[in-house]
Amino acid sequence: MIRRPVAAGGFYPGSESTLRETLNTFFSSLGGLSEPGSPAIVGGLVPHAGYEYSGQVAAHTFLEFRTHLPETFVVLGPNHRGIGSGVAIVTAGTWESPLGPLAIDEVLARDIFALCDIMDDDATAHSREHSIEVQVPFIQYIGGTKFVPICMAMQDEATAEEVGTAIAEAVREKKVGILASSDLTHLGSYYGFLPTREDPLEWMKVIDGSILKGIEEMSTEKVYETASLTTACGYGCIASMIVACHHLGLKNARVLEYRTSYDVSGDKSLIVGYGSAVIT
């Protein structure tokens, strides 16, 4: 199966030259790409909004992944479209981006699928979803060659535990990057979420900071406790990533960056929070 991009030209540039120039700008502002380090197991958080808003934040995580350049990547993203399986992996094929094809790690994907009873091999859930697709050019840009996409409509604690445990069991002998794709609070009438009459940026700084603190503490309990108070879209993806990192013995978690869409738009009536973090 070849999956064609559905978010190119919208969430990120649709031409190779413009996309590469955009990525060059993100990483140049951080000092540029280092030489890839020895492969290692590493976890992380990345946002998935339009590159104009969240791409610079995502670059912080991918720059860290470059220093531990994994042999392959597992990318967990929420299902915004509500189609397909509740937990959907794709076990074969390639995904196209303007930078070319990125192959699915078929061996790893099938191992994860075999270990997770609640998971379906279902391309339909991925067919219109952007949360994983927008990570593909970043993976390609830093030198990645293989990945496994997992789309999660079901994001409860039991599901996250099962998915994270299956990933850990499947990758134990591999040097894999595990990415949770999630934006943080979505605030404004457009999202049906107006939780405060105070300064929304200050409120978001506290509530999003609590989710990021949950990553720092590698606490799925804190992530779920805070997610219940706000509108982060990929909280179960974050929890699954933390569960996998726990099982794999990773202990050093760091928040790298936090910004909001207000930093670009200057609009307080519609704000989304974006964070980046890494676990090694």
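Any chance you could run the full-extension gain for ILE83 through GLU217? It's 0.36 nm times the residue separation minus the Cα-Cα distance, nm to one decimal.
Working: separation 134, 0.36 × 134 = 48.24 nm, distance 3.30 nm.
Here the answer is 44.9 nm.
Amide H to amide H, with H built 1.01 Å from N, ILE104 comes under 5 Å of GLY93, THR94, TRP95, PHE147, counting only residues 5 or more places away or on other chains. Of the complete DSSP H runs in the chain, those spanning 20 angstrom or more by Cα along the long axis with a mean Kyte-Doolittle score not below -0.5 are 51-67, 157-171, 200-216. Spatially close Lys pairs in the chain, defined by Cα atoms under 17 Å apart and a spacing of eight or more places or different chains, total 9. Taking only the Cα atoms of segment 39-279, the radius of gyration and Dmax are 16.5, 51 Å. Ellipticity at 222 nm from helices only: DSSP H runs of n ≥ 4 in the chain, each -39500 (n - 2.57), divided by the residue count, give -11500 deg cm²/dmol. Within segment 201-248, report the GluC sites (Glu not before Pro) that DSSP leaves as loop and that have at most 16 other Cβ atoms within 10 Å. Qualifying residues, ordered by number: GLU217.
Bridge orientation summary for the chain: considering DSSP beta bridges with both residues in this region, about 50 percent are antiparallel. Phi angles of segment 93-98 translate, via the Karplus equation with coefficients 6.51, -1.76, 1.60 and θ = phi - 60°, into HN-Hα couplings of x, 9, 10, 8, 9, x Hz per residue; Gly and Pro are given as x.
Projecting label points 7 angstrom from Cα along Cα→Cβ for HIS247 and ALA158 puts them 1.7 nm apart. Take the Cα of ILE2, step 7 Å toward its Cβ, do the same at ASP263, and the gap between the two points is 3.7 nm. Amide H to amide H distances under 5 Å link HIS68 with GLY37, where only residues 5 or more positions off or on other chains count and H is placed in the peptide plane. For the pair GLU16 and ASP117, a Förster radius of 41 Å applied to the C-beta separation gives a FRET efficiency near 0.50, rounded to the nearest 0.05.
The numbers here are math on the coordinates, done by the rules we state, and not lab data. Owing to the predicted nature of the structure, the values given are computational and were not obtained by experimental measurement. Please note: Cβ atoms are built from the backbone with ideal geometry, for glycine as well, and neighbour counts cover all protein chains shown.
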